[in-house]
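**Student:** I'd like to ask some things about the structure below.
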Amino acid sequence: MKRIIHIRVNEQEYELAVEPNLTLADLLRDELGLTGTKKGCEMGDCGSCTVILDGRNVNSCLILAIQANGSSVQTIEGLETEAGLHPLQQAFVEKGAIQCGFCSSGMILSGKTLLDSNPNPGEQEIREAISGNLCRCTGYQKIVEAVADAGSDYQKGQGGE
Amino acid sequence: MHFNYYRPESLNQAFELMEQSSGQSRYIAGGTDLMVQIKQGLTRAENLISLRQISELQGIEEDDSGVLIKGMTLLRDIETDPLVRDLAPVLQQAVASLANVQVRNVATLGGNLVNASPAGDSIPALLVLDSRLVLAGPEGERTLPLSDFFLGPGQTRLQPLEILKAVKIPAPFENSRAAFSKIGRSAKDLALVNAAVLIRLEETTCSFCRLAAGAVGPTPQRLEQAEALITGRTINTELLETLEARVRQTVSPISDLRAGEAYRRDLAGTLVKRCIRQAIAFKTED
């Protein structure tokens, strides 16, 4: 039986009827058309479905849409503003931290969760923060550099919210 | 994957739902294990009763004997909590080694225990801290030592309606130091073996210790023979080597696709020794 949920996605309010077994990943992709959130392993190992739920990065494949009732979700589509790309997105472009792109949205959102609480992380902290995000192209070095670069931008006051 | 989903707001509502539901019903905490089991068809559940909305199951508090961590506390919150840092840093060390941030942002301490995996990372740390569990059921609450909780892989002493309400961790006694260590295929993978140690030193003599290991038997376990071997003795390289050999002999791991039985025995000895070295190093830095 479908249930009504209220959810805020990228600053927009939705009232939706969902089946209890619908995952948040499927809600975002299939119901709201936000296909920037990727589905990889669907077991919570790869991190490609990472979104920010009430300020925390989570695997949206392991969360039921119904569990997100009353919550606020940020997906990769919510990062760009009228001013342009988010500093993390810009840093990924400039550093060449994107190869096939499948892990990028999850990497950027895990990086954002880190930088929001700690804009000047060390390399070890960055590697820890993205340890739940797998890059099958193995482009980790550029990704770590991009997060560090974006952190410097945060500190110059160009980033964050 | 078809099920009904319930969101009780109190323990009593949860017990009632569990009692009245027909068919296969499960309580669900964070769901990072249960959701995967359901998706893979390993667990069937017609009714999921979520414990997320129950405020009685949330929070970390100081109590008269130490620290009380409620069952639905997120692993990530334990990792960053100042009270846990002061009173049970070894638990933070263990929890931080589990999976990744995304999982720890959803997974709960109660879930890690009730899941009763022989490899659960919080368990050896809580065993050496001599933790007790508060179990709540429709008839009231009961308390039992964590060391009595596990019956086998996935099996615990929880009664069908009962919920793990809280974990009670006694405050550390003076001069005691603890450490946790694990080995997985990659740094934060499911442990091939994990271990924890709590040790009190008088000069260089071990006056008291608790040793525990996981994934070396059907349940995580205290290593009592190994504890007896070093208690009252001077800790030196020779004793640690004897200890390592004793641990290898006393554990009873299995072979599976992650590691062979002999390799797990070796790891258990190595990790217990490593934990003691780590714990002692912490002490000498003071």
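The values are calculated or read from the model by the stated rules, or taken from the named source; none is laboratory data. If you're wondering where the values come from, they're calculated on a predicted model, not measured in any experiment. Here Cβ is always computed from backbone atoms with ideal geometry, including for glycine, and neighbour counts include all displayed protein chains. The area values use the complete protein model at the heavy-atom level, side chains included, leaving out ligands, DNA and RNA. Shrake-Rupley method; radii C 1.70, N 1.55, O 1.52, S 1.80 Å.
**Student:** Give the number of residues within the stretch A:9-21 that are open to solvent by 80 Å² or more (accessible area, probe 1.4 Å) and either within 14 Å of chain B (Cβ to nearest Cβ) or within 20 Å of the chain's Cα centre (by Cα) (or both).
**Tutor:** Total meeting the criteria: 3.
**Student:** Looking only at residues that are within 11 Å of another protein chain (Cβ to nearest Cβ) and not acidic (Asp, Glu) in the stretch A:25-46, which one is nearest to residue A:130 (Cα to Cα)?
**Tutor:** Filtering the stretch A:25-46 for residues that are within 11 Å of another protein chain (Cβ to nearest Cβ) and not acidic (Asp, Glu), the one nearest to residue A:130 (Cα to Cα) comes out as A:46.
**Student:** Also, I was wondering about something else. Residue by residue through the stretch B:60-79, note down the ones that are free of Cβ contacts under 8 Å to residues at least 40 places away in the same chain and either over 18 Å from the mean Cα position of the chain (by Cα) or open to solvent by 30 Å² or more (accessible area, probe 1.4 Å) (or both).
**Tutor:** The answer is B:60, B:61, B:62, B:64, B:76, B:77, B:79.
**Student:** Now, a different point. Restricting attention to the stretch B:127-141, and to residues there that are part of a strand (DSSP E or B) and not β-branched (Val, Ile, Thr), which single residue is nearest to residue B:89 (Cα to Cα)?
**Tutor:** Top of the filtered list is B:132.
**Student:** Continuing with the same structure: Output the residues belonging to the stretch B:122-136 that are open to solvent by less than 10 Å² (accessible area, probe 1.4 Å) and not hydrophobic (A, V, I, L, M, F, W, C).
**Tutor:** B:122, B:124, B:131
**Student:** Using the structure shown, decide if residue B:4 is surrounded by fewer than 20 Cβ atoms within 10 Å (Cβ to Cβ) and within 13 Å of chain A (Cβ to nearest Cβ).
**Tutor:** Yes, satisfied.
**Student:** Test residue A:94 against the stated conditions and say whether it is in a strand (DSSP E or B) and of a type outside the set (A, V, I, L, M, F, W, C).
**Tutor:** No.
**Student:** For a quick check of your reading of the model, give me the residue pairs whose first member lies in the stretch B:120-135 and is closer than 13 Å to residue B:221 by Cα, whose second is assigned to a loop (DSSP other than H, G, I, E, B) and at pLDDT below 95, with beta-carbon atoms closer than 7 Å and at least 6 apart or on different chains.
**Tutor:** B:121/B:97; B:121/B:98; B:121/B:191
**Student:** Are there strands (runs of 3 or more DSSP E) fully within the stretch B:153-258 with at least 2 residues that are among the aliphatic types (A, V, I, L, M) and open to solvent by less than 20 Å² (accessible area, probe 1.4 Å)? List them.
**Tutor:** B:163-170, B:193-202, B:205-214
**Student:** Would you check if there is a residue in the stretch A:101-108 being of a type outside the set (Lys, Arg), part of a helix (DSSP H, G or I), in the same structural domain as residue A:147 (by TED's automatic domain parsing) and surrounded by fewer than 22 Cβ atoms within 10 Å (Cβ to Cβ)?
**Tutor:** no
**Student:** Given the structure, is residue B:99 under 20 Å from residue B:211 (Cα atoms) and either outside any helix (DSSP H, G or I) or among the acidic types (Asp, Glu) (or both)?
**Tutor:** For residue B:99, the condition - under 20 Å from residue B:211 (Cα atoms) and either outside any helix (DSSP H, G or I) or among the acidic types (Asp, Glu) (or both) - is not met.
**Student:** A further question follows. Against the conditions (1) modelled with pLDDT of 95 or more; (2) facing chain A (nearest Cβ under 10 Å); (3) surrounded by fewer than 15 Cβ atoms within 10 Å (Cβ to Cβ), where does residue B:30 fall short? Just the number, please.
**Tutor:** Result: residue B:30 passes all but (3).
**Student:** Just to be sure, is residue A:75 under 12 Å from the mean Cα position of the chain (by Cα) and away from chain B (no Cβ under 13 Å)?
**Tutor:** Against the criterion (under 12 Å from the mean Cα position of the chain (by Cα) and away from chain B (no Cβ under 13 Å)), residue A:75 qualifies.
**Student:** Restricting attention to the stretch B:266-285, does a residue exist that is more than 23 Å from residue B:95 (Cα to Cα), open to solvent by 40 Å² or more (accessible area, probe 1.4 Å), within 23 Å of the chain's Cα centre (by Cα) and not acidic (Asp, Glu)?
**Tutor:** No: zero hits.
Conditions tested, residue by residue: (1) crowded, with 20+ Cβ neighbours inside 10 Å; (2) part of a helix (DSSP H, G or I); (3) without any contact (Cβ under 8 Å) to a residue 24 or more places away in the chain; (4) more than 10 Å from chain A (Cβ to nearest Cβ).
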{"residue": "B:14", "(1), (2), (3), (4)": "yes, yes, no, yes"}
{"residue": "B:18", "(1), (2), (3), (4)": "yes, yes, no, yes"}
{"residue": "B:23", "(1), (2), (3), (4)": "no, no, no, yes"}
{"residue": "B:43", "(1), (2), (3), (4)": "no, no, yes, yes"}
{"residue": "B:90", "(1), (2), (3), (4)": "yes, yes, no, yes"}
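**Student:** Quick one: which of B:95, B:114, B:84, B:101 is within 14 Å of chain A (Cβ to nearest Cβ), among the β-branched types (Val, Ile, Thr) and in contact with a strand residue (DSSP E or B) (Cβ under 8 Å, 6 or more places away or on another chain)?
**Tutor:** One residue alone meets the criteria, B:101.
**Student:** Filter the stretch A:132-151 for residues that are open to solvent by 50 Å² or more (accessible area, probe 1.4 Å) and either of a type outside the set (D, E, K, R) or touching an Asp or Glu at 6+ places or on another chain (Cβ under 7 Å) (or both); which is nearest to the other protein chains (Cβ to nearest Cβ)?
**Tutor:** If we take residues in the stretch A:132-151 being open to solvent by 50 Å² or more (accessible area, probe 1.4 Å) and either of a type outside the set (D, E, K, R) or touching an Asp or Glu at 6+ places or on another chain (Cβ under 7 Å) (or both), then A:134 is nearest to the other protein chains (Cβ to nearest Cβ).
**Student:** Keeping to the stretch A:48-72, report how many residues are part of a helix (DSSP H, G or I) and either facing chain B (nearest Cβ under 8 Å) or not small (Gly, Ala, Ser) (or both).
**Tutor:** Selection size over the stretch A:48-72: 2.
**Student:** Still on this structure, I have one more. In the stretch A:119-139, what residues are without any contact (Cβ under 8 Å) to a residue 12 or more places away in the chain and not charged (D, E, K, R)?
**Tutor:** Within the stretch A:119-139, A:122, A:124, A:131, A:138 qualify.
**Student:** Kindly evaluate residue B:147 against the criterion of being in a loop (DSSP other than H, G, I, E, B), among the polar types (S, T, N, Q) and open to solvent by 20 Å² or more (accessible area, probe 1.4 Å).
**Tutor:** When the stated conditions are applied, residue B:147 does not pass them.
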